Amino acid sequence: MSNLGSRLLTAVVAAPLLLGLLYFLPWFAWGAFVALALTVACLEFFAMTHPDDRLARWVGTGFTLGLYALLTTSDFGARGAMGWVLLALCAGVPLALLYTLFRPLDQKSAMLRMASLALAPMYLGVGFATNTLLARVHDEMSTRRIGAGFVVFSLMVAWLSDTGGYFAGKGIGGPKLYPSISPNKTWAGAIGGLGGSVGGALLAHFWYLPELPLGKGIAAALIAGALGQLGDLCESLMKRSVGVKDSGGILPGHGGMLDRVDALLFVSAVLYAMQRAGWLIP
């Protein structure tokens, strides 16, 4: 319960700041905040894969931030912009290989270090970028409120899933979902998490994003919420593979930044893809 109290206190302090950034400042203010969160997440990620190579942590973080900036400041759908994005993604693999080749350190961990340098820009850079791109939806719809609403929707789908899963798992218990990776998660918690995500869709439709059709909002919340839970398990597997419990300790009650956004990265990507396809709000 003390951990839950820390989480609630962190949320109470953070919520007004996040909403102020979204609703009262231009989208690039939110983009700068997300870039800061991305920097922290990258350093946590590379601290797990490169514990003895501080230079590699900043090299990987720099490349990931560069891809994030390219994605969020360009016209994501334009042919020319997509060409630069694909070039950056393709260049990341040989750069990761060459960096590790010329800075070999422990050769037994070379494959892990190569793979992590190539993975982070796609996993973190693209994931964080889709959240900022949701805030840019207002560029196309001529209202900041809709872009901000999409971001809040993504946050609620991810974080209400976490809350619903916590209370359902604690209150009901039952069979474990994936005990070898996350021994505390149960099937009841997973279902409760989906219920929390649907609650996020209901709040969006009836409160701050009425343009979102109710049926489509619920369907999007279920899909994104389920994938968000899988994203949480993916990050748990990463941590288990390197023998750490939390990615960091920057957020009281929440662990590290990466622990807090593991589901959100998947949720944001799914919701942005749906909106980009014109499926949510035409």
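Computed values, structure above
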quantity: Boolean, Ile218 is in contact with a helix residue (DSSP H, G or I) (Cβ under 7 Å, 6 or more places away or on another chain) and under 30 Å from Ala47 (Cβ atoms); calculated: no
quantity: Pro104 over 14 Å from the mean Cα position of the chain (by Cα), outside any helix (DSSP H, G or I) and not aliphatic (A, V, I, L, M); calculated: yes
quantity: Some residue of the stretch 147-168 being without any contact (Cβ under 8 Å) to a residue 60 or more places away in the chain and over 20 Å from the mean Cα position of the chain (by Cα); calculated: yes
quantity: The stretch 23-46 - residue that is over 15 Å from the mean Cα position of the chain (by Cα) and farther than 23 Å from Glu235 by Cα and, of those, surrounded by the fewest Cβ atoms within 10 Å (Cβ to Cβ); calculated: Phe24
quantity: Unique match (being farther than 21 Å from Leu8 by Cα, modelled with pLDDT of 95 or more, buried (at least 22 other Cβ atoms within 10 Å of the Cβ) and not basic (Lys, Arg)) among Leu271, Leu222; calculated: Leu271
quantity: Residue match in the stretch 34-41 (condition: over 29 Å from Leu119 (Cβ atoms) and at pLDDT 90 or above); calculated: no
quantity: Residue match in the stretch 179-187 (condition: in a helix (DSSP H, G or I) and either surrounded by fewer than 23 Cβ atoms within 10 Å (Cβ to Cβ) or among the acidic types (Asp, Glu) (or both)); calculated: yes
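Conditions (1) over 16 Å from the mean Cα position of the chain (by Cα); (2) in contact (Cβ under 8 Å) with a residue 12 or more places away in the chain, marked per residue:
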{"position": "Pro175", "(1), (2)": "yes, yes"}
{"position": "Ala190", "(1), (2)": "yes, yes"}
{"position": "Gly196", "(1), (2)": "yes, yes"}
{"position": "Ala204", "(1), (2)": "yes, yes"}
{"position": "Gly228", "(1), (2)": "no, yes"}
{"position": "Gly243", "(1), (2)": "yes, no"}
{"position": "Asp262", "(1), (2)": "no, yes"}
{"position": "Leu265", "(1), (2)": "no, yes"}
{"position": "Trp279", "(1), (2)": "yes, yes"}
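The values are calculated or read from the model by the stated rules, or taken from the named source; none is laboratory data. Computed from a prediction, not measured in an experiment: that's the story for all the values here. Here Cβ is always computed from backbone atoms with ideal geometry, including for glycine, and neighbour counts include all displayed protein chains.
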